[in-house]
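Worksheet for the structure shown next.
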Amino acid sequence: MPDTFKPRTAEETRDAVQWASAEVQPLEVVGTGSKRALGRPVQAGHVLDLSALSGIELYEPAELVLTALAGTPLAEIEAALEAHDQELAFDPIDYGPLLGRPAGEGTVGGLVACNLAGSKRLKHGAARDHILGIEAVSGRGEIFKSGGRVVKNVTGYDLPRALTGSWGTLAVATKITLKVQPRAQTEATFVLTGPAGAEATAAMTAAMGSSAEVSAAAHLPAGIAARLADDGHPLADGPATLLRLEGFGPSVDYRFEALKTLLGGRGGVVRVDGDASRALWRAVRDVRPFVGADTLVWRVSVAPTAGATFLADLAETVAHEAYCDWSGGLVWVSIAGADPCANAVRDSVARVGGGHATLIRAPAPVRTSVPVFQPQAEPLAALSARLKAQFDPHGVLNPGRMGS
Amino acid sequence: MTGIAMPKPDGDVLARRAEIVRALRALVPGEGVIDAEVEMRAYETDALTAYRQLPLVVVLPETVEQVAAVLRYCHENEVKVVPRGAGTSLSGGALPVGDGVLLSMMKFNQVLDIDPDNRAVVVQPGVTNLGITRAVEHLGFYYAPDPSSQIACSIGGNIAENSGGVHCLKYGLTTNNVLGLEMVLVTGEVIRLGGKHLDSEGYDLLALMTGSEGLLGVVTEVTVRILQKPETARAALIGFPTSEDGGQCVADIIGAGIIPGGMEMMDELAINAAEDFVDAGYPREAGALLIVELDGPEAEVDHLLGEVEAIARRNKATSLRVSTSEEERLTFWAGRKAAFPAVGRISPDYLCMDGTIPRKALPDVLTRMRALGEKHGLRCANVFHAGDGNLHPLILYDANQPGQLEAAEAFGADILTLCVEFGGVLTGEHGVGIEKRDLMPEMFTEDDLKQQQRVKCAFDPKQLLNPGKVFPVLHRCAELGRMHVHKGQLPFPDIPRF
Ligand SMILES: Cc1cc2nc3c(=O)[nH]c(=O)nc-3n(C[C@H](O)[C@H](O)[C@@H](O)COP(=O)(O)OP(=O)(O)OC[C@H]3O[C@@H](n4cnc5c(N)ncnc54)[C@H](O)[C@@H]3O)c2cc1C
Ligand SMILES: Cc1cc2nc3c(=O)[nH]c(=O)nc-3n(C[C@H](O)[C@H](O)[C@H](O)COP(=O)(O)OP(=O)(O)OC[C@H]3O[C@@H](n4cnc5c(N)ncnc54)[C@H](O)[C@@H]3O)c2cc1C
């Protein structure tokens, strides 16, 4: 049974990592465990549990800034923001249900470590675009800070962003400062029914290239739209292209009409408002169509217009189900059986102009035997390894999590 | 030069100059290598003109292969390299070093790929910021980050400095608008980060490169995100009795959930200098002037302008005009955009500072700045990116008066220290360069700085790229690699364990 260390302060976190580093005792860095089934299983004899390092330290709505200790539950942060009509504009995905866990888990440290983003990433960016400052403990057991609490800052290298998406393999975050945004007063979803494949991509491209300020664009093929309709979302059976509009009421109405003029000729138009729209996008964001199944799930990032071509290419070799978010740039692929077909998936990505594929859901033995994250070209992989060695020379933080 | 010292040139390298020039000529043919002093003069300073230094030699490569070959040669032969774009850096970031190659990237001036369907453009690093917008405006798009130097500065320099401008409040800085890079490491290896897809994979090296001030690698290709031009843009010109009232108005606008396309403030001295210069119709009697620009669909802009007006009135606005035509909107901006040269007319010299503070600290910081001005016996005009707390105090001085440059520098350092004291940072957009290098310890501990320098070691272990910039003391990488831990003692009996 591994030891679990549960530090209550940055200094205790430092002590634990310093000991681990001196004794070369690998640590598994854990927030709440919501992403336990995501990434490569970690090889570590001890667990560093950050859940006691919790609490919002500073929240200034008029300054659009929030600082919290790394183990603070995301749910607590979202509730605090909601009370002031604000939000995290990058719309972090909740991987819980997809990975067979409850919804609403996860910590702000985990959010940053995984660089979460949801459907609104298209317009607002990911967690990396909203982090302002970080305090962390390096794998050497040294406390350091970088960034700050202001949006404009070029004082030194941008370590907060560089640590975002590093899955806890470079440093253990102890405190995080994020930029927050006012929540939109109203929202509506423009649903275009009919077009599929390349035609749907063309519709999304036209919408994104217009001045309608679409904040999210997804395409659901017939079977998947039907599954969300069965869940109670206002969709019919048949392919559906969803365009999200947010903002001040009159502006949303105006932009909805503009989209109708632009796209109305291409298919049927349905308007979904308010809470129904929000719920629909939550389902898209949290990969609701693949929740509960025992398939393997890939998350594929390609250029927006390449999403549909990628799927057509993949269909030649691998049977799958899929849908696109990010105007085609984010593809969720579900594959039945025990074989994740990693090479086939990545070959298709390469053939449509590049990008990357991450194996999001698969049993641990599968995640140990295939690269979960996209393998990198040689000089880049070597540079990443040198960076890891500078932060964590003894390799004590989450060994094996990102690569073998 | 004044107080800021550059690393001592390496006598051995200076002695090898002829040999180095010959070797570089073999790698970059024709006029790509400049070693005549008169021609090198054009490169001896950037926009921080108080500092000048001739480089060992200037090299202007045209291909990625040439960049790689030059870097590989310099790495193998331990020759320093300073990358350079258009040379508009205000922090001395592109200042040459006497024993190093100045690597100008300005021959990389091609727009390679315009892809409106993916809302992406691929360009070479020497293309100017405005050049990107020019290349796509016929399609209804633009590139959002808009430093005031956008006519001249290169996108490569923008990446190195993470540049920003008026639009950044709503549309983000360079770092939020770059999708991919091709770059050459100091070893001559070429790597690609990101692309037209939205997330780059692995460690976010794109983030590290953006704002790295030429210390980590040389950018040879850039993929940026472009945006559809908003349907309308209108600006409000609002006068206030004091900067404090203006500052409160800014806070209230943001507090109401409104994120303007731009929100800029000027103080009395700057207002009058600008008005003398361009006749923009600014209210001369106002203590502070706020320009608020709203962009988007017309219905939204009209609606929000109404709200902004109401908020301004509640904050004691003494004058308020809303632009009714594109021409008028541009006139409102003309004064702000010309503020620097305008101030240049009321003083023989000025030093442009660049710090950021939390917005709410503005009134206190302004009060303290006034006191500092008295202490140093110099005047200061203020223009701010009010929406994001980025201050640009312009310190007026006369270089011909003995001691005034030194006083201006000391005043500037005090202002930046003040920014840090109020929870802000030393530089918002101009970079650390040489200018703020020695102030870094005001903001960072020894361990903070060590971690930064270790990042440098991962990219450039011999520390040959842009030396003397950003970090006050150069630690050798080997020394930074040492670990100081007490082995064996059973640690932290106090930390809860399970
Ligand atoms: C009993 C047990 C069994 C486990 N089994 C598995 C398993 O089978 N497979 C597996 O992959 N993992 C397993 N884990 C590891 C652990 O669940 C994951 O490493 C981690 O994702 C859980 O953190 P979280 O849910 O809070 O997720 P998040 O908080 O969302 O964290 C996700 C990622 O962020 C990192 N992270 C979280 N907080 C910080 C921080 N403050 N600073 C830096 N990085 C941070 C984590 O290391 C992880 O990489 C197990 C852990 C325990 C305790
Ligand atoms: C009048 C004026 C107004 C300004 N307004 C603003 C403003 O509003 N906002 C703002 O952010 N800045 C502003 N600046 C500062 C300056 O324009 C920016 O920092 C700009 O990004 C510098 O670009 P450059 O091409 O001139 O780079 P240079 O000055 O040549 O170099 C700047 C830094 O970039 C590095 N570099 C250049 N090219 C490369 C490359 N290809 N690869 C790697 N490193 C490279 C250099 O080593 C150096 O460290 C202003 C400057 C002036 C003179």
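Here the condition is being in contact with an Asp or Glu (Cβ under 8 Å, 6 or more places away or on another chain), modelled with pLDDT under 95 and either over 30 Å from A:LYS388 (Cβ atoms) or outside any helix (DSSP H, G or I) (or both); of B:VAL432, B:VAL383, B:VAL365, B:VAL420, it holds for B:VAL383 alone. Which residue is farthest from ligand 1 (Cβ to nearest atom), if the candidates are limited to the range A:360-374 and must be more than 25 Å from B:ARG454 (Cβ to Cβ) and of a type outside the set (A, V, I, L, M)? Step by step, filter the range A:360-374, then rank; the result is A:GLN374.
Take the residues in the range B:105-133 that are open to solvent by 20 Å² or more (accessible area, probe 1.4 Å) and away from ligand 2 (no atom under 16 Å from the Cβ), then tell me which one is nearest to A:LEU122 (Cα to Cα). Restricting to residues being open to solvent by 20 Å² or more (accessible area, probe 1.4 Å) and away from ligand 2 (no atom under 16 Å from the Cβ), the top hit is B:ARG119.
In the range A:254-273, the qualifying residues are those that are touching a residue at least 60 places away in the same chain (Cβ under 8 Å), open to solvent by 20 Å² or more (accessible area, probe 1.4 Å) and assigned to a helix (DSSP H, G or I), and the one that is farthest from A:GLY209 (Cα to Cα) is A:ARG266.
Taking every residue in the range B:112-125 that is within 14 Å of A:SER327 (Cα to Cα) and at pLDDT 95 or above and pairing it with any residue that is open to solvent by 30 Å² or more (accessible area, probe 1.4 Å) and outside any strand (DSSP E or B), at least 6 positions away or on another chain, the pairs with Cβ-Cβ distances below 8 Å are B:PRO116/B:LEU139; B:ASP117/A:THR305; B:ASN118/A:THR305; B:ASN118/B:LYS196; B:ALA120/B:LYS196. Restricting to the range A:9-36, name every residue that is near ligand 1 (Cβ under 6 Å from one of its atoms) and either hydrophobic (A, V, I, L, M, F, W, C) or buried (at least 19 other Cβ atoms within 10 Å of the Cβ) (or both). The answer is A:GLU28, A:VAL29, A:VAL30, A:GLY31, A:THR32, A:SER34, A:LYS35. In the range B:1-72, counting only helices (runs of 4 or more DSSP H) that sit wholly within it, the ones holding 1 or more residues that are in contact with a strand residue (DSSP E or B) (Cβ under 7 Å, 6 or more places away or on another chain) span B:17-27, B:37-40.
If we scan the range B:140-150, do we find a residue that is surrounded by fewer than 24 Cβ atoms within 10 Å (Cβ to Cβ), at positive phi and part of a loop (DSSP other than H, G, I, E, B)? Yes, because at least one residue in the range B:140-150 is surrounded by fewer than 24 Cβ atoms within 10 Å (Cβ to Cβ), at positive phi and part of a loop (DSSP other than H, G, I, E, B). Among the conditions (1) in contact with an Asp or Glu (Cβ under 7 Å, 6 or more places away or on another chain); (2) within 12 Å of another protein chain (Cβ to nearest Cβ), the only one that A:ARG8 does not satisfy is (1). Of all residues assigned to the range A:152-167, at least one qualifies as being within 16 Å of ligand 2 (Cβ to nearest atom) and among the β-branched types (Val, Ile, Thr). On inspection, B:SER163 fails the criterion of being out of contact with any strand residue (DSSP E or B) (no Cβ under 8 Å at 6 or more places or on another chain), in contact (Cβ under 8 Å) with a residue 40 or more places away in the chain and either farther than 24 Å from A:GLU63 by Cα or within 16 Å of ligand 1 (Cβ to nearest atom) (or both). The set of residues in the range B:435-464 that are at the interface with chain A (Cβ under 9 Å from one of its Cβ atoms), part of a loop (DSSP other than H, G, I, E, B) and open to solvent by 30 Å² or more (accessible area, probe 1.4 Å) comprises B:THR445, B:PRO461. In the range B:402-410 there is at least one residue matching the filter, namely being under 23 Å from B:ILE271 (Cα atoms) and more than 14 Å from chain A (Cβ to nearest Cβ).
Please specify each residue of the range A:43-70 satisfying the condition of being near ligand 1 (Cβ under 7 Å from one of its atoms) and within 20 Å of the chain's Cα centre (by Cα). A:ALA70, the sole residue that qualifies.
Can you pull out the residues in the range B:368-380 that are among the hydrophobic types (A, V, I, L, M, F, W, C), in a helix (DSSP H, G or I) and more than 16 Å from B:GLY287 (Cα to Cα)? B:ALA371, B:LEU372 - these are the residues of the range B:368-380 that are among the hydrophobic types (A, V, I, L, M, F, W, C), in a helix (DSSP H, G or I) and more than 16 Å from B:GLY287 (Cα to Cα).
Regarding the range A:63-70, can at least one residue be identified that is more than 28 Å from A:GLU246 (Cβ to Cβ) and in contact with a helix residue (DSSP H, G or I) (Cβ under 9 Å, 6 or more places away or on another chain)? Yes, the conditions are met somewhere in the range A:63-70.
Any idea how many residues of the range B:241-281 are among the small types (Gly, Ala, Ser) and either out of contact with any strand residue (DSSP E or B) (no Cβ under 8 Å at 6 or more places or on another chain) or within 14 Å of chain A (Cβ to nearest Cβ) (or both)? Number of matching residues: 8. Checking each residue in the range B:202-212 for being modelled with pLDDT of 95 or more and either at the interface with another protein chain (Cβ under 8 Å from one of its Cβ atoms) or assigned to a strand (DSSP E or B) (or both) picks out B:TYR203, B:ASP204, B:LEU205, B:ALA207, B:LEU208, B:THR210, B:GLY211, B:SER212.
Of all the residues in the range A:62-85, those that are within 24 Å of A:THR174 (Cβ to Cβ) and within 14 Å of another protein chain (Cβ to nearest Cβ) number 7.
The values are calculated or read from the model by the stated rules, or taken from the named source; none is laboratory data. Remember, it's a predicted structure, so these values are computed and weren't measured experimentally. Heads up, the Cβs are rebuilt from the backbone with ideal geometry, glycines too, and the neighbour counts pull from every protein chain shown. SASA here: full protein model, heavy atoms, side chains in, ligands and nucleic acids out. Shrake-Rupley method; radii C 1.70, N 1.55, O 1.52, S 1.80 Å.
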